[in-house]
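Report on the following structure.
The values are calculated or read from the model by the stated rules, or taken from the named source; none is laboratory data. Bear in mind the structure is a predicted one, so any value in this text is a computation, not a measurement. Here the Cβ positions follow ideal geometry from the backbone for every residue, glycine too, while neighbour counts run over all protein chains shown.
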Amino acid sequence: MSTYVQEETWDREKMRDLQWERLKTTIERVYENVPFYRTAFQEAQIEPESIQSLEDLQRLPFTQKHHLREHYPFDLIATPIEEVVRFHGSSGTSGKPTVVAYTQQDIDHWADIVARCIYMAGGRPGDILHNAYGYGLFTGGLGLHYGSERLGCATVPISGGNTSRQITLIQDFKPRVICATPSYLLNIGETMKEMAIDPTTTSLKYAILGAEPWSEEMRDYIEQLFDIKALDIYGLSEIIGPGVAMECPEGQDGLHIAEDHFLVEVIDPETLQPVAEGEDGELVFTSLTKEALPIIRYRTGDIASITREQCVCGRTTTKMSRVKGRIDDMLIIRGVNVFPSEIERYVLQMEALSSHYQIHLSKKGVMDHAVLHVEVSESFFDSIPGQDLKHPLAQDLVKDIQHTLKEQALVTMDVQLNAPNTIPRSEGKAKRIVDQRKASVAQT
Ligand code: DLL
(Lines give C-alpha, C1' and ligand atoms only; values in the text may rest on other atoms or scores of the structure.)
Protein backbone atom coordinates (compact mmCIF):
# COMPACT_ATOMS: atom_id res chain seq x y z
CA MET A 1 0.00 0.00 0.00
CA SER A 2 1.20 3.48 -0.79
CA THR A 3 2.75 5.41 2.11
CA TYR A 4 0.26 8.13 1.28
CA VAL A 5 -2.71 5.98 2.30
CA GLN A 6 -1.44 3.92 5.26
CA GLU A 7 -2.83 5.76 8.30
CA GLU A 8 -6.06 6.43 6.45
CA THR A 9 -6.93 2.71 6.36
CA TRP A 10 -6.02 1.76 9.93
CA ASP A 11 -8.71 0.09 11.97
CA ARG A 12 -10.45 2.51 14.26
CA GLU A 13 -9.04 1.09 17.50
CA LYS A 14 -5.50 1.62 16.29
CA MET A 15 -6.34 5.18 15.28
CA ARG A 16 -7.99 5.90 18.64
CA ASP A 17 -4.93 4.58 20.51
CA LEU A 18 -2.68 6.89 18.51
CA GLN A 19 -5.04 9.81 19.04
CA TRP A 20 -5.13 9.22 22.76
CA GLU A 21 -1.32 9.11 23.04
CA ARG A 22 -1.05 12.31 21.04
CA LEU A 23 -3.86 14.07 22.90
CA LYS A 24 -2.16 13.44 26.25
CA THR A 25 1.07 14.98 24.96
CA THR A 26 -0.80 17.96 23.52
CA ILE A 27 -2.67 18.65 26.75
CA GLU A 28 0.57 18.48 28.75
CA ARG A 29 2.30 20.73 26.24
CA VAL A 30 -0.31 23.50 26.39
CA TYR A 31 -0.66 23.30 30.17
CA GLU A 32 3.09 23.60 30.65
CA ASN A 33 3.80 26.25 28.04
CA VAL A 34 0.76 28.43 27.33
CA PRO A 35 -0.53 30.58 30.23
CA PHE A 36 -3.88 31.05 28.42
CA TYR A 37 -4.59 27.30 28.53
CA ARG A 38 -3.26 26.85 32.05
CA THR A 39 -5.59 29.57 33.32
CA ALA A 40 -8.54 28.24 31.32
CA PHE A 41 -8.01 24.71 32.68
CA GLN A 42 -7.60 26.00 36.23
CA GLU A 43 -10.76 28.06 35.96
CA ALA A 44 -12.58 24.93 34.84
CA GLN A 45 -10.86 23.07 37.74
CA ILE A 46 -9.25 20.54 35.45
CA GLU A 47 -5.81 19.06 35.99
CA PRO A 48 -4.20 17.55 32.87
CA GLU A 49 -3.95 14.18 34.69
CA SER A 50 -7.72 14.09 35.16
CA ILE A 51 -8.19 13.74 31.40
CA GLN A 52 -8.19 9.96 31.15
CA SER A 53 -9.69 9.20 27.74
CA LEU A 54 -10.55 10.74 24.38
CA GLU A 55 -14.09 11.28 25.68
CA ASP A 56 -12.78 13.35 28.61
CA LEU A 57 -11.72 15.97 26.08
CA GLN A 58 -15.29 17.24 26.26
CA ARG A 59 -14.61 18.55 29.74
CA LEU A 60 -12.04 21.02 28.46
CA PRO A 61 -13.02 24.59 27.54
CA PHE A 62 -13.34 25.70 23.92
CA THR A 63 -10.92 27.99 22.10
CA GLN A 64 -12.30 30.66 19.77
CA LYS A 65 -11.02 33.12 17.21
CA HIS A 66 -11.27 36.02 19.66
CA HIS A 67 -8.79 34.20 21.92
CA LEU A 68 -6.24 34.27 19.11
CA ARG A 69 -6.90 37.98 18.55
CA GLU A 70 -6.62 38.76 22.25
CA HIS A 71 -3.24 37.01 22.37
CA TYR A 72 -1.90 38.68 19.22
CA PRO A 73 0.75 38.17 18.04
CA PHE A 74 2.71 35.46 19.90
CA ASP A 75 1.10 34.70 23.28
CA LEU A 76 -0.43 31.35 22.35
CA ILE A 77 2.85 29.96 21.00
CA ALA A 78 3.95 26.93 22.99
CA THR A 79 7.61 26.83 21.92
CA PRO A 80 10.45 29.35 22.26
CA ILE A 81 10.14 31.77 19.34
CA GLU A 82 13.56 30.57 18.12
CA GLU A 83 11.96 27.23 17.21
CA VAL A 84 9.36 28.86 14.96
CA VAL A 85 10.26 28.72 11.27
CA ARG A 86 7.10 30.16 9.68
CA PHE A 87 4.10 32.39 10.37
CA HIS A 88 0.80 32.51 8.55
CA GLY A 89 -2.38 34.34 9.31
CA SER A 90 -5.83 35.19 8.19
CA SER A 91 -7.07 38.70 7.69
CA GLY A 92 -9.40 39.93 10.39
CA THR A 93 -12.11 42.55 10.30
CA SER A 94 -10.23 44.51 12.96
CA GLY A 95 -7.29 44.93 10.59
CA LYS A 96 -4.91 42.76 12.57
CA PRO A 97 -4.48 39.22 11.25
CA THR A 98 -4.89 36.10 13.33
CA VAL A 99 -1.32 34.83 13.65
CA VAL A 100 -0.42 31.15 13.48
CA ALA A 101 3.08 29.68 13.84
CA TYR A 102 4.88 26.50 12.80
CA THR A 103 8.04 24.69 13.89
CA GLN A 104 10.04 22.74 11.33
CA GLN A 105 8.27 19.59 12.49
CA ASP A 106 4.88 21.28 12.03
CA ILE A 107 5.85 22.24 8.46
CA ASP A 108 7.00 18.66 7.80
CA HIS A 109 3.75 17.17 9.11
CA TRP A 110 1.73 19.68 7.11
CA ALA A 111 3.63 18.81 3.92
CA ASP A 112 2.93 15.09 4.58
CA ILE A 113 -0.76 15.76 5.20
CA VAL A 114 -1.18 17.83 2.03
CA ALA A 115 0.84 15.29 0.00
CA ARG A 116 -1.72 12.70 1.15
CA CYS A 117 -4.54 15.01 0.02
CA ILE A 118 -3.05 15.50 -3.45
CA TYR A 119 -2.46 11.75 -3.71
CA MET A 120 -6.05 11.09 -2.62
CA ALA A 121 -7.31 13.44 -5.33
CA GLY A 122 -5.37 11.51 -7.99
CA GLY A 123 -2.08 13.42 -8.11
CA ARG A 124 1.05 11.29 -8.49
CA PRO A 125 4.82 11.87 -8.24
CA GLY A 126 5.98 13.31 -11.55
CA ASP A 127 2.75 15.20 -12.24
CA ILE A 128 2.80 18.90 -12.98
CA LEU A 129 0.67 20.79 -10.46
CA HIS A 130 -0.56 24.33 -11.14
CA ASN A 131 -1.05 26.08 -7.80
CA ALA A 132 -3.32 29.11 -8.13
CA TYR A 133 -3.95 29.59 -4.40
CA GLY A 134 -2.58 32.90 -3.13
CA TYR A 135 0.95 32.83 -1.71
CA GLY A 136 1.64 34.92 1.39
CA LEU A 137 0.14 35.02 4.86
CA PHE A 138 -2.80 32.98 3.51
CA THR A 139 -2.08 29.27 4.02
CA GLY A 140 -3.46 28.13 0.65
CA GLY A 141 -0.45 28.86 -1.59
CA LEU A 142 2.42 27.61 0.55
CA GLY A 143 0.33 24.80 2.09
CA LEU A 144 -0.41 23.20 -1.28
CA HIS A 145 3.10 24.07 -2.50
CA TYR A 146 4.96 22.11 0.18
CA GLY A 147 2.55 19.17 -0.11
CA SER A 148 2.98 19.10 -3.86
CA GLU A 149 6.78 19.08 -3.60
CA ARG A 150 6.62 16.45 -0.85
CA LEU A 151 4.63 14.19 -3.17
CA GLY A 152 7.18 14.79 -5.91
CA CYS A 153 5.10 16.92 -8.26
CA ALA A 154 6.61 19.63 -10.43
CA THR A 155 4.96 22.61 -8.81
CA VAL A 156 4.00 25.81 -10.62
CA PRO A 157 3.81 28.50 -7.89
CA ILE A 158 1.72 30.93 -9.90
CA SER A 159 -0.43 32.17 -6.97
CA GLY A 160 -3.79 33.89 -7.63
CA GLY A 161 -4.56 36.58 -10.19
CA ASN A 162 -3.18 37.56 -13.59
CA THR A 163 -5.64 35.21 -15.22
CA SER A 164 -4.41 35.44 -18.80
CA ARG A 165 -0.92 34.42 -17.65
CA GLN A 166 -2.44 31.48 -15.76
CA ILE A 167 -4.09 30.38 -18.99
CA THR A 168 -0.85 30.66 -20.97
CA LEU A 169 0.98 28.49 -18.43
CA ILE A 170 -1.83 25.93 -18.31
CA GLN A 171 -1.59 25.63 -22.10
CA ASP A 172 2.22 25.55 -22.23
CA PHE A 173 3.18 23.53 -19.12
CA LYS A 174 0.29 21.09 -19.46
CA PRO A 175 -0.39 20.44 -15.74
CA ARG A 176 -2.45 17.41 -14.72
CA VAL A 177 -3.61 18.91 -11.40
CA ILE A 178 -4.84 22.42 -10.58
CA CYS A 179 -5.39 23.93 -7.12
CA ALA A 180 -7.53 27.04 -6.65
CA THR A 181 -10.63 28.32 -4.96
CA PRO A 182 -13.70 27.07 -6.86
CA SER A 183 -14.70 30.65 -7.69
CA TYR A 184 -11.27 31.40 -9.13
CA LEU A 185 -11.18 28.23 -11.24
CA LEU A 186 -14.59 29.23 -12.58
CA ASN A 187 -13.14 32.64 -13.46
CA ILE A 188 -10.18 30.97 -15.25
CA GLY A 189 -12.55 28.71 -17.24
CA GLU A 190 -14.84 31.53 -18.27
CA THR A 191 -11.90 33.73 -19.23
CA MET A 192 -10.63 30.88 -21.42
CA LYS A 193 -13.97 30.81 -23.20
CA GLU A 194 -13.83 34.57 -23.77
CA MET A 195 -10.40 34.01 -25.33
CA ALA A 196 -11.94 31.34 -27.60
CA ILE A 197 -10.06 28.54 -25.82
CA ASP A 198 -12.11 25.44 -25.05
CA PRO A 199 -11.45 24.61 -21.34
CA THR A 200 -12.24 20.93 -21.96
CA THR A 201 -9.17 20.65 -24.20
CA THR A 202 -6.59 21.39 -21.46
CA SER A 203 -4.32 18.72 -19.95
CA LEU A 204 -6.05 19.09 -16.55
CA LYS A 205 -7.54 15.97 -14.97
CA TYR A 206 -8.08 16.92 -11.32
CA ALA A 207 -8.91 20.10 -9.44
CA ILE A 208 -8.33 20.50 -5.70
CA LEU A 209 -10.78 23.20 -4.68
CA GLY A 210 -11.50 24.76 -1.31
CA ALA A 211 -11.05 27.71 1.05
CA GLU A 212 -14.68 28.78 0.54
CA PRO A 213 -18.11 27.16 0.56
CA TRP A 214 -19.31 25.81 -2.79
CA SER A 215 -22.31 23.76 -3.82
CA GLU A 216 -22.73 20.39 -5.57
CA GLU A 217 -24.18 22.34 -8.51
CA MET A 218 -20.97 24.41 -8.69
CA ARG A 219 -18.99 21.15 -8.75
CA ASP A 220 -21.08 19.83 -11.67
CA TYR A 221 -20.64 23.12 -13.49
CA ILE A 222 -16.84 23.17 -13.06
CA GLU A 223 -16.47 19.47 -13.92
CA GLN A 224 -18.33 20.01 -17.18
CA LEU A 225 -16.63 23.29 -17.96
CA PHE A 226 -13.15 21.67 -17.84
CA ASP A 227 -14.02 17.98 -18.21
CA ILE A 228 -12.19 17.21 -14.95
CA LYS A 229 -12.80 15.71 -11.50
CA ALA A 230 -13.35 18.53 -8.98
CA LEU A 231 -12.55 17.62 -5.36
CA ASP A 232 -13.09 19.46 -2.13
CA ILE A 233 -10.24 20.30 0.26
CA TYR A 234 -10.93 21.82 3.67
CA GLY A 235 -8.81 23.51 6.27
CA LEU A 236 -8.26 26.63 8.30
CA SER A 237 -5.17 28.47 9.39
CA GLU A 238 -5.92 28.12 13.11
CA ILE A 239 -5.75 24.32 12.79
CA ILE A 240 -2.93 24.15 10.20
CA GLY A 241 -4.22 25.39 6.82
CA PRO A 242 -5.44 23.29 3.87
CA GLY A 243 -5.39 19.53 4.43
CA VAL A 244 -7.48 19.10 7.58
CA ALA A 245 -9.83 17.07 5.34
CA MET A 246 -9.91 15.97 1.70
CA GLU A 247 -12.46 14.38 -0.57
CA CYS A 248 -11.67 11.18 -2.50
CA PRO A 249 -12.72 10.83 -6.15
CA GLU A 250 -14.17 7.34 -5.54
CA GLY A 251 -16.79 8.51 -3.05
CA GLN A 252 -17.08 12.21 -3.84
CA ASP A 253 -19.45 12.57 -0.93
CA GLY A 254 -17.61 13.91 2.06
CA LEU A 255 -14.06 14.69 3.10
CA HIS A 256 -11.68 12.35 4.95
CA ILE A 257 -10.36 14.01 8.08
CA ALA A 258 -6.63 13.56 8.76
CA GLU A 259 -7.49 12.03 12.12
CA ASP A 260 -3.95 11.09 13.05
CA HIS A 261 -3.34 14.87 13.35
CA PHE A 262 -6.75 16.38 14.15
CA LEU A 263 -9.51 15.25 16.45
CA VAL A 264 -12.99 16.26 15.35
CA GLU A 265 -16.16 17.00 17.32
CA VAL A 266 -19.46 18.43 16.11
CA ILE A 267 -21.45 20.57 18.53
CA ASP A 268 -24.70 22.46 18.61
CA PRO A 269 -23.49 26.07 18.46
CA GLU A 270 -26.28 27.16 20.85
CA THR A 271 -26.10 24.52 23.56
CA LEU A 272 -22.41 23.62 22.92
CA GLN A 273 -23.37 19.95 23.39
CA PRO A 274 -22.31 17.23 20.90
CA VAL A 275 -24.81 16.48 18.12
CA ALA A 276 -25.51 12.95 16.84
CA GLU A 277 -23.47 11.50 13.98
CA GLY A 278 -24.96 12.68 10.69
CA GLU A 279 -26.50 15.81 12.15
CA ASP A 280 -25.34 19.28 11.17
CA GLY A 281 -23.48 21.30 13.76
CA GLU A 282 -20.35 23.38 14.28
CA LEU A 283 -17.03 21.63 13.60
CA VAL A 284 -14.59 21.69 16.52
CA PHE A 285 -10.99 20.52 16.11
CA THR A 286 -8.16 19.70 18.50
CA SER A 287 -4.66 19.44 17.07
CA LEU A 288 -2.77 16.28 18.02
CA THR A 289 0.76 16.86 16.76
CA LYS A 290 1.31 20.58 16.53
CA GLU A 291 4.25 22.05 18.42
CA ALA A 292 4.23 25.82 17.88
CA LEU A 293 0.48 26.42 18.06
CA PRO A 294 -1.28 23.43 19.56
CA ILE A 295 -4.98 24.16 19.78
CA ILE A 296 -7.63 22.66 22.03
CA ARG A 297 -11.29 22.36 20.98
CA TYR A 298 -11.20 25.15 18.42
CA ARG A 299 -14.66 26.30 17.38
CA THR A 300 -14.35 26.75 13.64
CA GLY A 301 -17.70 28.46 13.02
CA ASP A 302 -18.15 26.04 10.07
CA ILE A 303 -21.36 24.03 9.77
CA ALA A 304 -21.12 20.40 8.64
CA SER A 305 -21.85 16.84 9.80
CA ILE A 306 -19.62 13.78 10.22
CA THR A 307 -19.97 10.06 9.53
CA ARG A 308 -17.83 7.11 10.60
CA GLU A 309 -19.23 4.77 7.95
CA GLN A 310 -16.47 3.24 5.85
CA CYS A 311 -16.01 4.90 2.48
CA VAL A 312 -16.11 3.08 -0.87
CA CYS A 313 -12.46 4.06 -1.36
CA GLY A 314 -11.45 1.80 1.55
CA ARG A 315 -10.35 4.57 3.89
CA THR A 316 -11.56 4.20 7.47
CA THR A 317 -11.16 7.80 8.63
CA THR A 318 -14.12 9.87 9.78
CA LYS A 319 -15.61 11.89 6.96
CA MET A 320 -17.13 15.36 7.19
CA SER A 321 -19.79 16.61 4.84
CA ARG A 322 -19.17 19.56 2.56
CA VAL A 323 -19.22 22.73 4.68
CA LYS A 324 -22.59 24.45 4.28
CA GLY A 325 -21.23 27.79 5.39
CA ARG A 326 -19.97 29.76 8.34
CA ILE A 327 -22.30 30.55 11.22
CA ASP A 328 -21.49 34.26 10.70
CA ASP A 329 -22.57 34.02 7.05
CA MET A 330 -25.91 32.42 7.79
CA LEU A 331 -28.69 34.71 6.64
CA ILE A 332 -31.88 34.92 8.60
CA ILE A 333 -34.41 36.12 6.10
CA ARG A 334 -37.86 36.60 7.57
CA GLY A 335 -37.15 33.94 10.13
CA VAL A 336 -35.70 31.38 7.68
CA ASN A 337 -32.04 30.38 8.01
CA VAL A 338 -30.17 30.07 4.76
CA PHE A 339 -26.53 29.93 3.67
CA PRO A 340 -25.31 31.67 0.49
CA SER A 341 -24.24 28.27 -0.96
CA GLU A 342 -27.88 27.14 -0.81
CA ILE A 343 -28.90 30.14 -2.89
CA GLU A 344 -26.03 29.30 -5.29
CA ARG A 345 -27.60 25.92 -6.03
CA TYR A 346 -30.72 27.53 -7.50
CA VAL A 347 -28.82 30.21 -9.38
CA LEU A 348 -26.77 27.52 -11.13
CA GLN A 349 -29.85 25.52 -12.05
CA MET A 350 -31.38 28.36 -14.08
CA GLU A 351 -30.21 28.64 -17.66
CA ALA A 352 -31.05 32.32 -17.96
CA LEU A 353 -28.53 33.11 -15.21
CA SER A 354 -24.74 33.07 -15.11
CA SER A 355 -22.97 31.56 -12.10
CA HIS A 356 -22.08 34.97 -10.63
CA TYR A 357 -24.06 36.31 -7.72
CA GLN A 358 -23.83 38.34 -4.51
CA ILE A 359 -26.22 38.84 -1.66
CA HIS A 360 -26.52 42.44 -0.47
CA LEU A 361 -27.69 42.91 3.10
CA SER A 362 -29.14 46.11 4.49
CA LYS A 363 -31.49 47.13 7.30
CA LYS A 364 -35.10 48.08 6.83
CA GLY A 365 -36.12 49.33 10.25
CA VAL A 366 -35.05 46.59 12.65
CA MET A 367 -35.29 43.84 10.02
CA ASP A 368 -32.46 42.54 7.83
CA HIS A 369 -33.20 42.98 4.17
CA ALA A 370 -31.49 40.76 1.57
CA VAL A 371 -31.30 41.32 -2.17
CA LEU A 372 -29.91 38.68 -4.50
CA HIS A 373 -27.85 40.36 -7.21
CA VAL A 374 -27.35 37.94 -10.05
CA GLU A 375 -26.00 38.22 -13.57
CA VAL A 376 -28.10 37.04 -16.49
CA SER A 377 -26.42 34.82 -19.08
CA GLU A 378 -25.18 36.35 -22.35
CA SER A 379 -27.82 34.50 -24.37
CA PHE A 380 -30.66 35.70 -22.15
CA PHE A 381 -29.33 39.25 -22.25
CA ASP A 382 -29.22 39.19 -26.05
CA SER A 383 -32.79 37.90 -26.21
CA ILE A 384 -34.21 40.89 -24.27
CA PRO A 385 -35.32 43.80 -26.48
CA GLY A 386 -32.86 46.66 -26.04
CA GLN A 387 -31.01 44.51 -23.45
CA ASP A 388 -33.25 46.31 -20.98
CA LEU A 389 -33.41 44.46 -17.68
CA LYS A 390 -36.55 46.42 -16.79
CA HIS A 391 -38.32 44.84 -19.79
CA PRO A 392 -41.35 42.64 -18.86
CA LEU A 393 -39.48 39.54 -20.10
CA ALA A 394 -36.69 40.20 -17.61
CA GLN A 395 -39.20 40.94 -14.89
CA ASP A 396 -40.80 37.55 -15.59
CA LEU A 397 -37.39 36.02 -14.90
CA VAL A 398 -37.20 37.87 -11.58
CA LYS A 399 -40.57 36.37 -10.60
CA ASP A 400 -39.36 32.94 -11.70
CA ILE A 401 -36.26 33.17 -9.50
CA GLN A 402 -38.29 34.41 -6.55
CA HIS A 403 -40.77 31.58 -7.03
CA THR A 404 -37.98 28.96 -7.15
CA LEU A 405 -36.32 30.35 -4.03
CA LYS A 406 -39.64 30.44 -2.19
CA GLU A 407 -40.66 26.92 -3.24
CA GLN A 408 -37.32 25.20 -2.83
CA ALA A 409 -35.25 27.17 -0.31
CA LEU A 410 -38.29 28.58 1.53
CA VAL A 411 -36.85 32.09 1.36
CA THR A 412 -38.56 35.22 0.15
CA MET A 413 -36.05 37.71 -1.15
CA ASP A 414 -35.77 40.57 -3.60
CA VAL A 415 -33.87 39.86 -6.78
CA GLN A 416 -31.95 42.29 -8.93
CA LEU A 417 -30.78 41.22 -12.39
CA ASN A 418 -27.38 42.45 -13.50
CA ALA A 419 -25.90 42.59 -17.00
CA PRO A 420 -23.20 40.01 -17.82
CA ASN A 421 -19.74 40.76 -16.41
CA THR A 422 -20.83 43.32 -13.83
CA ILE A 423 -20.34 41.35 -10.60
CA PRO A 424 -16.65 41.38 -9.53
CA ARG A 425 -14.78 38.19 -10.46
CA SER A 426 -12.92 36.27 -7.78
CA GLU A 427 -9.16 35.74 -7.74
CA GLY A 428 -9.22 34.01 -4.35
CA LYS A 429 -12.08 33.73 -1.91
CA ALA A 430 -15.27 35.03 -3.53
CA LYS A 431 -17.16 37.81 -1.77
CA ARG A 432 -20.69 36.41 -1.67
CA ILE A 433 -22.13 38.77 0.91
CA VAL A 434 -22.03 42.54 0.68
CA ASP A 435 -23.03 43.71 4.12
CA GLN A 436 -24.39 47.26 4.09
CA ARG A 437 -26.33 46.90 7.33
CA LYS A 438 -24.20 49.33 9.33
CA ALA A 439 -24.32 51.95 6.56
CA SER A 440 -28.11 51.60 6.20
CA VAL A 441 -28.63 52.01 9.94
CA ALA A 442 -26.52 55.18 9.88
CA GLN A 443 -28.72 56.57 7.10
CA THR A 444 -32.02 55.96 8.89
O1 DLL B 1 -8.94 28.86 3.66
C2 DLL B 1 -7.25 27.21 4.19
C3 DLL B 1 -7.45 26.57 2.88
C4 DLL B 1 -6.67 26.94 1.82
C5 DLL B 1 -8.37 25.55 2.71
C6 DLL B 1 -6.81 26.32 0.58
C7 DLL B 1 -8.52 24.91 1.50
C8 DLL B 1 -7.75 25.31 0.45
P9 DLL B 1 -8.44 30.35 6.21
O10 DLL B 1 -8.09 31.48 5.32
O11 DLL B 1 -8.00 30.39 7.64
O12 DLL B 1 -7.83 29.01 5.66
O13 DLL B 1 -10.01 30.18 6.14
C14 DLL B 1 -10.63 29.12 6.77
O15 DLL B 1 -12.37 28.97 5.09
O16 DLL B 1 -13.08 28.12 8.47
C17 DLL B 1 -14.04 27.81 6.26
O18 DLL B 1 -15.01 28.75 6.66
C19 DLL B 1 -13.51 28.18 4.87
N20 DLL B 1 -13.16 26.96 4.12
C21 DLL B 1 -11.95 26.41 3.96
N22 DLL B 1 -12.04 25.32 3.16
C23 DLL B 1 -13.36 25.18 2.84
C24 DLL B 1 -14.10 24.25 2.06
C25 DLL B 1 -8.10 28.44 4.43
N26 DLL B 1 -13.54 23.25 1.41
C27 DLL B 1 -12.11 29.11 6.49
N28 DLL B 1 -15.45 24.42 2.00
C29 DLL B 1 -12.80 27.92 7.11
C30 DLL B 1 -16.06 25.44 2.64
C31 DLL B 1 -14.07 26.23 3.47
N32 DLL B 1 -15.41 26.35 3.36
Would you be able to say whether some residue in the stretch 69-77 is buried (at least 22 other Cβ atoms within 10 Å of the Cβ) and at pLDDT 95 or above? yes
Looking at (1) in a helix (DSSP H, G or I); (2) in contact with a strand residue (DSSP E or B) (Cβ under 8 Å, 6 or more places away or on another chain); (3) not polar (S, T, N, Q), which one does L389 not meet, given that it meets all the others? (1)
Quick one: what pairs do we get from the stretch 301-312, first residue of a type in the set (S, T, Y), second modelled with pLDDT of 95 or more and not in a loop (DSSP other than H, G, I, E, B), C-beta under 8 Å, 6+ apart or different chains? S305/V266; S305/G281; S305/M320; T307/K319
Quick check on my filter: what residues within the stretch 363-382 are part of a helix (DSSP H, G or I) and under 13 Å from E351 (Cα atoms)? E378, S379, F380, F381
Scanning the stretch 306-321 residue by residue, those crowded, with 20+ Cβ neighbours inside 10 Å and within 14 Å of the ligand (Cβ to nearest atom) turn out to be K319, M320
The lone condition P249 fails out of (1) within 22 Å of R297 (Cα to Cα); (2) surrounded by fewer than 21 Cβ atoms within 10 Å (Cβ to Cβ); (3) of a type outside the set (D, E) is (1)
Would you mind finding the one in I208, I158 that is within 16 Å of the ligand (Cβ to nearest atom), hydrophobic (A, V, I, L, M, F, W, C) and in a loop (DSSP other than H, G, I, E, B)? I158
When the residues of the stretch 104-127 are narrowed to those that are touching a Ser or Thr at 6+ places or on another chain (Cβ under 8 Å) and closer than 17 Å to L204 by Cα, which ends up surrounded by the most Cβ atoms within 10 Å (Cβ to Cβ)? I118
Any chance the stretch 417-428 includes a residue that's among the hydrophobic types (A, V, I, L, M, F, W, C) and either in a strand (DSSP E or B) or assigned by TED's automatic domain parsing to the domain that holds S215 (or both)? yes
Picking from T307, T318, T286, T271, the residue that is out of contact with any Cys (no Cβ under 6 Å at 6 or more places or on another chain) and more than 27 Å from G147 (Cα to Cα) would be T271
